[in-house]
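Undergrad: Let me give you the structure first, and then I'll get to my questions.
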Amino acid sequence: MDFIKFVGTAGARFVVLKQLRSSGGTWITIGDTNLYLDPGPGALLRCISSRPKLDPSKLDGIILSHKHLDHSGDINVMIEAMTNGGFKKRGVLFAPKDALEDEPVVFSYIAKYLERIEVLKENSTYNIGSIKFKTEGRHIHPVETYGFNFMLEYCKISFLTDTRYFAALSKMYDGDLLIINVVRNRPAEVQIDHLSMDDVERIIVEAKPKLTILTHFGMTMLKAKPWEVAEAISKKTGLKVIAARDGMTINIEEEFKK
């Protein structure tokens, strides 16, 4: 089964620090290949306590969209788990250059456990096992950040990670399934480098995905109840939008392989 499991749906520092939602990141299985996207604080614990259990030693690779703590907090322990404590050299890490060289988030001794490290760059294509994915243009964010498009035989999956809104986003992330990191319910009084629901509406109206999943919630999203926000935008736009929950699994084949 090709699936995506939302191990955690927290975004923004206070939701993470209070663990109002888990900050575990996202597990992706396509064919016989397992990837982990953005293992934030608690990723290892959430995998082990998941039902059914997610076994990090079965991972083939880890993708880091950027080095901020809520995305990279468990990166070292997840690499160690993937490599059986470093006794089995395996796995690939995909990460931006500044996450590896400027205040690196991966310890040097941990990096040696990996089979290889691939540096993420703009508009580049990567392959691992049965998975092919592509980066788009660099996001507007305080550190080097990328989103991803996964090209499956029967659908395209877009992960729109942290960024300030800009007009090209709807063309960059035009997948059948669009997963969006949305920190705020409404725009902040002072512009910040994160999306709000106003931005999400503009993006999905232009991109028209078959399914949009909201995740990576900040405090204003939690207070607004993400499931109600998703339902409201679905009714307004006529497009299917749902809010991710911690532990939620999407069977990609069931949704799109028809």
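What follows is calculated from the coordinates using simple rules that are stated; it is not laboratory data. This one's a predicted model, so the numbers in the text were calculated from it and none came from an experiment. Cβ sites come from the backbone with ideal geometry, for glycine too, and all protein chains shown count toward neighbours.
Undergrad: Going by a ≥ b ≥ c, the root eigenvalues of the Cα gyration tensor, does region 15-120 fall in the rounded group (a/c under 1.5), the prolate group (a/b larger than b/c) or the oblate group?
TA: oblate
Undergrad: Can you pull the one-decimal nm distance between simple spin-label points at V190 and D102, each 7 Å off the Cα toward Cβ?
TA: Using points 7 Å along Cα→Cβ, the separation is 2.1 nm.
Undergrad: Cut-off under 21 Å on the C-alpha distance; same-chain residues fewer than 8 positions from K223 excluded. Which lysines are left, in chain and number order?
TA: Correct list for K223: K18, K235, K236.
Undergrad: Helix 197-207 sits at what angle to the longest principal axis of the chain, using alpha carbons and giving 0 to 90 degrees rounded to 10?
TA: The angle comes out near 90 degrees.
Undergrad: Looking only at the chain, where both bridge partners belong to it, what percent of the DSSP beta bridges are antiparallel (to the nearest 5)? Don't skip to the end; give the middle numbers.
TA: Values: 24 of 49 bridges.
Within the chain, antiparallel bridges account for around 50 percent of the total.
Undergrad: For region 7-47 and region 102-126, what is the separation of their Cα centres, given in Å?
TA: 19
Undergrad: Once phi is turned into θ = phi - 60°, what whole-Hz ³J(HN,Hα) does the Karplus curve with 6.51, -1.76 and 1.60 give for every residue of region 36-43, x standing for Gly and Pro?
TA: After applying 6.51 cos²θ - 1.76 cosθ + 1.60, I find 10, 9, 6, x, x, x, x, 4 Hz.
Undergrad: Further, regarding this structure: In nm, what is the difference between 0.36 nm times the number of residues separating I48 and K121 and their Cα-Cα distance?
TA: Result for the pair: 23.1 nm of gain on full extension.
Undergrad: Shifting gears a bit: Label region 1-54 by shape, choosing from rounded, prolate and oblate, from the square roots a ≥ b ≥ c of the eigenvalues of the Cα gyration tensor; if a/c is under 1.5 it is rounded, and otherwise prolate applies when a/b is larger than b/c, oblate when it is not.
TA: Prolate, because a/c is 1.5 or more and a/b exceeds b/c.
Undergrad: Tell me whether region 111-192 comes out rounded, prolate or oblate; compute the Cα gyration tensor, take square roots of the eigenvalues as a ≥ b ≥ c, and use a/c under 1.5 as the rounded threshold.
TA: It comes out oblate by the Cα gyration axes.
Undergrad: Now for a separate question. Rounding to the nearest 20 debye, state how big the charge dipole of the chain is about its Cα centre with +1 on each Lys and Arg Cβ and -1 on each Asp and Glu Cβ.
TA: The calculation lands at about 500 debye.
Undergrad: Beta carbons within 10 angstrom, averaged per residue: use that to sort the peptides 131-141, 178-188, highest first. The partial results should precede the final answer.
TA: Working: 131-141: 18.5, 178-188: 21.0.
The packing order, highest mean first, is 178-188, 131-141.
Undergrad: While we're on this one: Once R0 is set to 22 Å, what does the formula 1/(1 + (r/R0)^6) return for the Cβ-Cβ distance between K132 and F3, expressed as a FRET efficiency to the nearest 0.05?
TA: Here the calculated transfer efficiency is 0.80.
Undergrad: To continue, here is another question. Do any GluC sites (Glu not before Pro) in region 170-258 lie in a DSSP loop with no more than 16 other beta carbon atoms within 10 Å, and if so, which?
TA: E189
Undergrad: Turning to a different aspect of this structure: Can you tell me the 0 to 90 degree angle between the C-alpha axis of helix 226-237 and the longest principal axis of the chain, rounded to 10?
TA: Taking the Cα atoms of the chain, the angle to 226-237 is about 50 degrees.
Undergrad: Right, here's the next one. Can you find, among G137, P52, T237, the residue sitting farthest towards the positive end of the charge dipole of the chain, where Lys and Arg contribute +1 and Asp and Glu -1 at Cβ?
TA: P52
Undergrad: Do any chymotrypsin sites (Phe, Trp or Tyr not before Pro) in region 1-58 lie in a loop, going by DSSP, with at most 13 other beta-carbon atoms within 10 Å of their beta carbon, and if so which? Walk me through the numbers on the way to the answer.
TA: Working: sites: F3, F6, F14, W27, Y36; in loops: none.
Answer in residue order: no site qualifies.
Undergrad: Still on this structure: Just going by the charge dipole of region 3-253, with Lys and Arg at +1 and Asp and Glu at -1 on Cβ, which of V16, F150, I117 is farthest out on the positive end?
TA: V16
Undergrad: Also, I was wondering about something else. Tell me the Kirkwood radius of the chain: reciprocal of the mean inverse pair distance over distinct alpha-carbon atoms, in Å.
TA: 18.1
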